[in-house]
Every structure is written in structure tokens, then in C-alpha cells.
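This report concerns only the one structure given below.
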Amino acid sequence: MKKRKICGWGYEGDDASPVLVEKISPYLGALYGITEKHAIQPKRTEEIRIRSPRFVLSNEFGGICTSDKLERLNHSYGKSYRDLWRAMNGLFDNPPDYVALPQSEKDIETLMAFATKNRIALIPYGGGSSVCGGIEPTDSKAYIGTISVDMRHFDKVLEVDKVSRSALMQAGIYGPAIEHALKPHGLTLRHFPQSFEFSSLGGWIATRSGGHFATLYTRIDEFVESLRMVTPSGIIDTKKLPSHGAGPSEEALICGSEGVLGIITSAWMRLQQIPQYKCSSTIGFDSFQQGVEACRILSQSGLYPSNARLIDSQEAFLNGVGDGAQSVLILGFESHNHPVNHWLDFAENIAVMCGGIKLNKDSSRADNQSGTWKKSFLQAPFLRDVLVQKGLIVETFETAMTWDRFDQFHRAIIQTAQKAISDYAEYGTITTRFTHLYPDGPASYYTVMARGRAGRQLEEWDQIKHAVSAKIVEMEGPITHHHAVGKDHRPFFEKQRSELFGRVLKASKSTLDPAGIMNPGTLIQ
């Protein structure tokens, strides 16, 4: 079985394309002045020391739990910059005491009973791709220790209902396995987050993840038909229905609950037929603002492109799209039962009306630059590992805003980020792209790349992140659009949500998890 990297993305041996690294290195050297003095030499597994488990398990857990060092290291962190930096520097001060690998709901119930009785925190773990501290063990002294509950054995598609176009899936199944199981039926879940290869269905649901597609169906909760969740107080099992209006939705409470109420074990998911018709195009804009206006009109047109990603000029250039002088809008349409070229024509006309220039020359409507972007998108996490090792601070944050306030909001975020980079790091840049478009506003995604001071990069990023997060909340934007709350965003989420709703969340937790053992410190305090 392949081993996951302790301090990087993906499996051991899977690295960024050498061609891509070679291509981007001269640019990074010229722009950021990175030298060997900034580099981080990742610690080898045998060099890392971690404490022994702080409590002893009874014999009944012999086949469920392990204290294997590699498993404990891999379950200590997610994949944010904070996580990678600490892992690369061998800083594993608070690993889980054990990793549980349950194979049945009975195993989970047994773990919950033991944890409740002994004041042990349980941390649900899907694919480990969290970038907001959502799977990091608590450091609260209220618990004698922690167990990370890995759902890897809940990895099957149990039933496919082709008539209703839905499927019952276990929560631990990863993205590629879902699509592999559905393909013989001509069906797809059509949810492709950047973490697709290394994240699970349960993790997507628990964090209300967003997928690659830019309009119409963008979030995992739009595909949830029913859910089953084991809690310390019992099992929630909702009905498989197309829709209902019988009171508040149980599914809505579970989606986005981030493991603080219980552990999702399975779900009926709405499916779609595999697209047979696809076409794409790339539009250049002399200004980012022109692209913003094109996206607004496009989002309100009723065309619903599968891809509508506006990328500012610098980020486009870094990803091999455009010449660095123009912002770029990547457009794509798809359907399972009819050609979509006509739809793309309408979308292109909207973009051109707003000042755009068509960049693709391929009359077949299979745009090469769209393919280049897709490859860069999938390579980005692997490339970030390389950049972090070189000493760069590389991290992202995302939010959303209505069209009427976007320009003011965007300027404030950029100005705040640039000032924070100048105040706390040696030098850096911030780039922007739209990941999702809604009729009432875009989800804007920002990437910070900065040269930090050797040994102080994490501290510098934390200061930059705090400044930007405070500005987002001040400007009344959400602290996250699709990366969840976790532990890192919780202080800002508490300012974003209403005080009364916070009490509702805590009341729900106290009902389902009276001892407070489920993922403490995440989402709610």
C-alpha cells in the first residue's frame, strides 16, 4: 500500500513535475530572491521524536487502534502552510495518542463509549487534506489524550439506484474510487475539489466542500440526498427523498458540522450522467475589472458554464496561461445529451462585449490553454511543497461577496494583504482568481507568495493571515467559502455568525455529544 507523505501532498514518490519546477524556478529567483539560506531541509521520519501514548487502551481495541509512529505522524496535521512548515521542521508536539481504524459502526460506537467514559477526544479523519486545522488534535487539558478516527475502511459504493440516479456510499471512500465505481453505470458524482485524489466523501460533507465546477452545482451539500451519522447519543439516519419541507433539514445540520457532532458513516448522493459533449475557450482582458463585469453578466445569464474561472494576470502567467499582461477568463461547457458549442458562443459574446479578446485559435473548441490551466491546478499542491522547501511562504485564503460590494471589498483585501506582507515578511505578492460564480456574487480566492525570514516564516504567515482575516470579517465577508472553519478560522467565524446561532450550535453539540469528546476546538469552542 502506498504511504502518504508526512510533510507534503500526496503519496511518497509523487512530486511536482520537474519540467514545471525548472520552468518556474528562474522566475521565482528573479522575483523573490530566494537563496539556499531560506531553504528548509525536511526532517526524515527516523529523525522525528514523538511522545509515547498518554493512556493505555483496553484489550477490546487491539484490532481497532494502533500507536504506529508513521500513522500518528500522518494524523497530526492537515495540509495547510502551517501544517507543512511544522512537519518539515519536525515539530510534532501534539500527535494523537492512537489512530483508530474502525471497520463497522459498532467499532465507532465502542470508541465513543470509551472516550466518553475516559475524557478522550476523538478526531474524525477522512483524507487528511484539511487546510484550516480541522483534523489537528486538541491541546486542551480537559482531555487525557486523543484518538484520530480514520475512516479508510468505510470505502465502498454500496448501492446504485440508476432509476433515481443516486448511490449509497460509505463516508471513507476517496474521490477516484467513487468515480471508478460509478463509471460502469454511466454516472458521476461530478464533485472534483482540488483535493479529489486524497479526500473522502465524509470529509467533503463534513466541511461543505466546493468542487471544481464554477456555477450551478458547486457544493457537496447540493448532492446530498440523505445521511447516516453515529453520535455519542445515538444514530441519525435520514430518509432518502428528492426533497421535503418538513421542518428544518437534518442534512443541513450535519453538512458542515466538521466532526463536532458525530461521525458520518454513509450517504445517499445525487448523481449525474457522464458528460459526452464538452467545449472550452479562453478570453483575455486588459484589466481585471473588465473580467469581473463579464463574470457578473455571465453568472446572471442562465448559461451556467461548468468552468468560469477568472484569473488575474500574474497568476495566469504563473500557470502558463496568457502572457502576463492580461487577466484571463477560462470558459467551459458540458452536457451528457446535447452539443454545447452554441452556449459557449453566447458566453464568449458576453465576454467580448465587456472588452475581452478570444485567445484560443482552435476551431474545434477544445482550448489548449484550458487544458494547461487544469494541469497547473492539479500540480499546484505538489509545487507548493517545493516552494515551501525553498523557504517561500505559500498559502491561500478564500471568501465571497455580492457583486454590488465586490470592488470595494476586493480593494480592501488586496491593500490589507499587501501591507501585511510588507510589514511582516521580506517581500511578497498576492494574486486573485474567481473559483465560483453565483448570480449575486463571486467567490474570490487569493494566493500569497512571500519570502520570509529563515526560521520565522510560520510566525510571519500567522500575522499576515490574522490581518487579512480581520479585514474580511470587518468588510462582512465570510471567513471561508469552501475550506471550512476548523480551529484556525474559528475565532473569526465566531465574529461572523450571530451570537444566538452560536448558542444553537452549542446546544446541538451538548445534545448529541454531552461529554464534548468530538473534535473539540473545531468550529465551536
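The values are calculated or read from the model by the stated rules, or taken from the named source; none is laboratory data. Since the structure is predicted, the reported quantities are computational estimates derived from the model, not experimental observations. FYI the Cβ positions are ideal-geometry reconstructions off the backbone, even for glycines, and counts take in every protein chain you see. Ligands, DNA and RNA are stripped out before the accessible areas are found, and what is left, the full protein with its side chains, is counted by its heavy atoms. Shrake-Rupley method; radii C 1.70, N 1.55, O 1.52, S 1.80 Å.
Measure off 7 Å from each Cα along the Cα-to-Cβ vector at residue 456 and residue 277, then give the distance between these two points in nanometres to one decimal.
With each label placed 7 Å out from Cα toward Cβ, I get 5.9 nm.
Taking +1 at the Cβ of each Lys and Arg and -1 at the Cβ of each Asp and Glu, which of 211, 242, 199 sits farthest along the dipole of the stretch 164-303 towards its positive end, judged by Cα position relative to the Cα centre?
Final value for the positive-end residue is 242.
Determine the sum of side-chain charges near residue 182: Lys and Arg each +1, Asp and Glu each -1, restricted to other residues whose C-beta is under 11 angstrom from that of residue 182. The partial results should precede the final answer.
Numbers: positive: 162, 165, 183, 190; negative: 179.
Neighbour charge sum, excluding residue 182 itself: +3.
Just to confirm a number: summing +1 for Lys and Arg and -1 for Asp and Glu over residues other than residue 274 whose beta-carbon lies under 12 angstrom from that of residue 274, what do you get?
Values: positive: 165, 183, 190, 278; negative: 179, 334.
Net charge around residue 274: +2.
About its Cα centre, what dipole magnitude does the chain give when the only charges are +1 on Lys and Arg Cβ and -1 on Asp and Glu Cβ, stated in debye to the nearest 20? List each step's numbers first, then the result.
On the way: 58 positive and 58 negative charges, 119 e Å.
Result for the chain is approximately 560 debye, rounded to the nearest 20.
Give, in nm to one decimal, the length gained when the segment between residue 222 and residue 301 is fully stretched (0.36 nm per residue of separation minus the Cα-Cα distance). All intermediate terms of the calculation are to be shown ahead of the outcome.
Numbers: separation 79, 0.36 × 79 = 28.44 nm, distance 2.09 nm.
So the extension gain works out to 26.3 nm.
At 7 Å along Cα-to-Cβ for each site, give me the label-to-label distance between residue 503 and residue 55 in nm.
Those two pseudo-labels are separated by 3.2 nm.
Find the accessible area per residue for the chain; the probe is 1.4 Å, ligands and nucleic acids are left out, and the unit is Å². Don't jump to the answer; show the numbers that get you there.
Values: 22380 Å² over 525 residues.
Using a 1.4 Å probe on heavy atoms only, each residue of the chain averages 43 Å².
List the residues, sorted by chain then number, that are 5 or more residues from residue 400 or on another chain and whose placed amide H is less than 5 Å from its amide H.
444
Can you list which of the GluC sites (Glu not before Pro) found in the stretch 430-525 are DSSP loop residues with at most 11 other C-beta atoms within 10 Å? Write out the running numbers ahead of the final one.
Working: sites: 459, 460, 474, 476, 494, 499; in loops: 476.
The qualifying sites are 476.
Considering only Cα-Cα distances, which of the following residue pairs are longer than 30 Å: 3/419; 240/506; 5/162; 465/506; 79/375?
Working: 3/419 40 Å; 240/506 27 Å; 5/162 38 Å; 465/506 27 Å; 79/375 20 Å.
Result: 3/419; 5/162 exceed 30 Å.
Quick one: order 239, 465, 358, 419 from most to least accessible surface, probe 1.4 Å.
Details: 239 145, 465 40, 358 100, 419 125 Å².
Per-residue accessible area, sorted high to low, gives 239, 419, 358, 465.
Multiplying the sequence separation of residue 249 and residue 192 by 0.36 nm and subtracting their Cα-Cα distance, what value in nm do you get?
Answer, rounded to one decimal: 18.0 nm.
By how many nm would the segment from residue 17 to residue 183 grow when fully extended, if each residue of separation counts as 0.36 nm and the alpha-carbon distance is taken off?
Values: separation 166, 0.36 × 166 = 59.76 nm, distance 2.84 nm.
Contour length minus the Cα-Cα distance gives 56.9 nm.
When percent of Cα pairs over 28 Å apart is calculated directly from the model, which label among (i) 51; (ii) 56; (iii) 67 fits?
Working out percent of Cα pairs over 28 Å apart from the coordinates points to (ii).
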